[in-house]
1. Check Gly66: other-chain or 5+ apart residues with amide H under 5 Å from its amide H, H built from backbone geometry?
2. Regarding region 35-165, what is the average projected area of its C-alpha convex hull, in nm²?
3. Give a residue-ordered list of calculated ³J(HN,Hα) values for region 116-121 (Karplus: 6.51 cos²θ - 1.76 cosθ + 1.60, θ = phi - 60°; whole Hz; x for Gly, Pro).
4. Please report, in debye to the nearest 20, how large the charge dipole of region 80-190 is about its Cα centre when each Lys and Arg carries +1 at its beta carbon and each Asp and Glu carries -1 there.
5. Amide H to amide H under 5 Å from Ala141: which residues, 5+ apart in sequence or cross-chain, H placed 1.01 Å off N in plane?
6. With Cβ to Cβ distances under 12 Å as the rule, what net charge do the other residues near Leu184 carry (K, R +1; D, E -1)?
7. To the nearest Å, what is the center-to-center distance of region 102-127 and region 36-64, using C-alpha atoms only?
Amino acid sequence: MSRRHPVIRTAATAFLLVTAFVATLAVGASPAGAHAIVEIQDTDAVVGRTSAMTLEIQHGCITGGGRTVGVVATFAPSFGTVTAGTVPGWSSAVIPGTAGAAAGGSTVTWTTTSAPQPFSAPLRLPLTVRWPKQPGSYGIAVSQTCSDPTEETVWATPVRPATVGVPSPPVTPLATVCVLPKRLAGTASTGRSAAIRKVCAIER
C-alpha cells in the first residue's frame, strides 16, 4: 500500500511542500507511514506573533500496523512559547529548554491515557505557538510511538530534490512551516505569492 508523507500547510502558503507531496502521491510515492501534518488555517504564521496550529498524525507507524500511544514534537530554540491544548484520552507536557544542544526550544509530548489510537484513526493535537523572529522555513521534528507491535517512527528528514538513491519527498520527511514577515501577512497583494516563495526558500 502506498502511504503518505509529513507536510506542514497553511492557508496562505498552501503552494509550499503540499503541492509537491500531493503530486507525488497521485503517481505513487515511496512507502511511508503516518503524516505529521501541521494545519494553520485561520492566521498566517508571522514573525514574533502567536497563533494556533494543529498537529495531525494520520495513522499508525511506518511498518507493522501498530497503534499510536505517544507523539513527541521538537521545537528549536528559535521558536517562542509553545502551549499544548487538551485532547480527550491523552495527556500532554511541554518541557522547555530541551530542544537540541542549545538552550531554549521546547519538547512537547503526548501520551495516551486510555486505549491506543487505532491505526486508521487520525489523531489531532492542538497547539499554540509563538513563531520565530526571523522569516523563513522552520522544521518541526516529530516522532511517533506505537504498540502492537512496539515501534517508533521519526519524521525528521529534510526535503530535497531527488538524486540517485534519495527520493523526493523522502520516506520520513521533516514537517516544515514557512514563517512570514509582517509585510506579507493578511490580505492578498500584487506580487505576494512570489515574495512568499522567496521567503520560504530560506531554511532556518
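Nothing in this text is a laboratory measurement; each read-out follows from the coordinates by a stated rule. Owing to the predicted nature of the structure, the values given are computational and were not obtained by experimental measurement. Please note: Cβ atoms are built from the backbone with ideal geometry, for glycine as well, and neighbour counts cover all protein chains shown.
1. Here the answer is Cys61, since their amide H atoms fall under 5 Å of that of Gly66.
2. Working: hull surface 36.7 nm².
Approximately 9.2 nm², given one-decimal rounding.
3. Listing the rounded values in order: x, 5, x, 3, 8, 9 Hz.
4. Around 640 debye, computed over region 80-190.
5. Thr74
6. In short, +4.
7. Centre-to-centre (Cα) distance: 12 Å.
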